[in-house]
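Rule-based calculations on the coordinates, nothing more; no lab input. Quick caveat: nothing in here was measured; it's all calculated off a predicted structure. Using ideal geometry, Cβ is built from the backbone for each residue, glycine included, and neighbour counts are taken over all protein chains shown.
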Amino acid sequence: MKEQVNEITERLQQFKPSTKLYKVPFLGSFMTEGIRFLATKEEYYEIFMDMSIVARKWTKVYQPVSIDFKRLSDNEQDFTGHEVEVIYRDGNHSFLEKHGYRETDFPLDELRLFFVNDTLMLPSEY
């Protein structure tokens, strides 16, 4: 698992801003190459679609929306009943919303993303 995490982390560093975007079916939003890599190659499409749906509703008022994915400690998991939390914040880092997920196969413990102009992206692509 650690090898997979290192490989994904290293690969994510390679993504840079680009004009190439991928339309998300049924949502009307877009994803960048880095998000597409995570969502399709690593087969974690569902959680990224959830992030797009939630962030998109906030971008009507706030731009950008930052999205923080965080795996909880064992104690936090016991307390909340969730393995991970996804926290949404506005451009001033003010809390907007939090979602908990009971379980996920996503290998990273933490990941920050941005949703800007109907596009979900990695920090290196912002």
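In what sequence, highest mean first, do 56-64, 13-21 appear when ranked by Cβ atoms within 10 angstrom?
Working: 56-64: 14.4, 13-21: 11.4.
Peptide ranking by packing, descending: 56-64, 13-21.
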Taking the Cα-to-Cβ direction at S73 and at E103 and moving 7 Å from each Cα, how far apart do the two end points lie in nm?
2.4
Within the chain, what's the longest stretch lacking GluC sites (Glu not before Pro) that sit in DSSP loops with no more than 14 other Cβ atoms inside 10 Å?
44-102
As a test of the formula, what do you get for the chain when each DSSP H run with n ≥ 4 contributes -39,500 (n - 2.57) and the sum is divided by the residue count, at 222 nm and rounded to the nearest 500 deg cm²/dmol?
-8000 deg cm²/dmol
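Return a whole-number percent for the relative contact order of the chain, with Cα pairs under 8 Å and 6 or more residues apart as the contact set. Walk me through the numbers before you get to the answer.
On the way: 200 pairs, mean separation 36.7, N = 126.
Over the chain, the number comes to 29 percent.
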Which one is right for this structure if P(r) over Cα pairs in 10 Å bins from 0, in percent is calculated from it: [x] 13, 45, 35, 7, 0; [y] 12, 40, 32, 13, 3, 1; [z] 10, 32, 33, 18, 6, 1?
[x]
